[in-house]
Every structure is written in structure tokens, then in C-alpha cells.
Amino acid sequence: YRENEASSTTCLRCSFVREFAKYLKLVGFKDIYVLPSQYIPKHITNFTPFIFTTQQISGIINIIDNYHFRTTFLQTHRVYATLIRLLYACGLRSGEALSLKISDIDFTNSIIHVLDSKNNTSRIVCMSDSLSKVIQNYIYDSDLQASDWLFSSPKGGHYSLDTIHDFFTGIFEKAGIFNSNGRPPRVHDLRHTFAVHSLRKMINKGMDIYCTLPFLASFLGHKN
């Protein structure tokens, strides 16, 4: 353990050493010491995700809709205006959203096929009629084809996670939204916000929380 080091960093470093030793034994080296798993510190964290209010979400969307991009690539504005709605309204991981192709979306039934996501799992995500219309207009205005990435980059391929995260960090700062530590929230906090807002909506409709949690877990792509 090093001074001011997070437990996750210590855990990761110990895991690297342990797995490398196991590899050396596997390829035939003798007298290799493998760090016992019980000596690897458990990852303990008190991290709490940031949950946006509905007013903050509306403010973020408004800022993006009226944002002046310093680029001649007109597609950029359409990308971010559509992406923010997709992330919040469907609770997708940002990597899942960026990996979507037009062919993954079934507009007839208003569903999105999320393929080979985290832990090599796939799932179906429903979307509202209004979001479906937004995405259809975006595809039409951007002249995208079925084989194209939904969020195609001007450099080829799709937008990168780093590009998306940097942009949204700037937007959150512009909106004056910060964590208790003075830093702007993460893009992934939009997914946590979707979960909380969806759960609250179901409870307000009188649904049993113990019945709604399995549905929400499946929708988000969690095993439990």
C-alpha cells in the first residue's frame, strides 16, 4: 500500500502480480511464487453516483440543443443532441450507445438491440415513440445507411468514449453541475439517473418495488 492510494489501485497492482506469476507457472517456469488471493486487499469504496434532477437534465439538453460547435462538420450537433436523449431515456452505457449501428434499431417495434455488451451479453431495450422519432429524424437528416454506425465520426468509425466524456464534462461544467467534491459528474451518472428516475416513476404508479427491480435489472443488462 502506498500513501494516499485508493484501495482499488492496490488491489489492481496485486492482481497484476498474481496473474503474471500464474502465467509464468503455466508456461513452464519453476519455483514461481503466486501471491495468495487472501493477501489481495478487498476493494472498498464509499463512492456515490451523482443523480441528476429532472430540471438539470432539461437544462443539459437545452444547452446542447443551442451549443455552438467550433467545427464545420454539421453532423456534430445532431450527434450530441441525439446522444444525450438516448443515454438518459434508455439508460445505456455510453460504450453501448456508441457501438450501435442503424441496423440494430427496430423502429417498427421501437426497440434497440444491444449486442455483445458487457460480459458478452445482449439484450433488447425499449424506447418511447418520441425518442424513436428523434432518432429517425437524426438518421434522415444525416443521410445514414443501415450499415452505418449510429454515431458515425467524421474521421471514420464511431465517436470515441474519450471524445464523448470530454464533451459532456464541459457541458456539465457549463450547466453549473458539480459533485460534492467540486468535480463535474460522469457521463455514466446519466445511466444511474435513468435507473433512479425509472424506479421512482414505477413506484409512483403503485408498483411493488420488489417486483420492479428485476425488470429494471434486466433492462439495464445486469444479472441481478
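State the Kirkwood hydrodynamic radius of the range 1-90 in Å, one decimal place, computed from all pairs of distinct Cα atoms.
With all distinct Cα pairs of the range 1-90 included, I get 18.1 Å.
Per residue Cα convex hull volume for the range 94-224, in cubic angstrom?
158
What helices in the chain pass both tests, a Cα length along the helix axis of 18 Å or more and a mean Kyte hydropathy of -1.0 or higher, using whole DSSP H runs?
Numbers: long enough: 7-26 (28 Å, 0.13); 75-90 (22 Å, 0.41); 129-142 (20 Å, -0.42); 161-174 (20 Å, 0.13); 189-204 (22 Å, -0.31).
Length and hydropathy pass: 7-26, 75-90, 129-142, 161-174, 189-204.
With θ set to phi - 60° and the Karplus curve 6.51 cos²θ - 1.76 cosθ + 1.60, what are the ³J(HN,Hα) couplings of the range 27-34 in order, to the nearest whole Hz, using x for Gly and Pro?
Each residue of the range 27-34 in turn: 8, x, 6, 9, 6, 9, 8, 9 Hz.
Over 31 Å between Cα atoms: which of LYS118/LYS201; LYS22/LYS155; LYS25/LYS223; LYS133/LYS155; LYS118/LYS155; LYS22/LYS42 fall into that group?
Those over the limit are LYS22/LYS155; LYS25/LYS223.
So what does the Cα-only Debye profile of the chain read at q = 0.09, 0.13, 0.16 Å⁻¹, as log10 I(q)/I(0), no solvent term?
Each listed q corresponds, in turn, to -0.50, -0.92, -1.19.
Each reported figure results from applying straightforward, stated rules to the coordinates on display, with no laboratory input. Just so it is clear, the model here is predicted, and its values are computed rather than measured.
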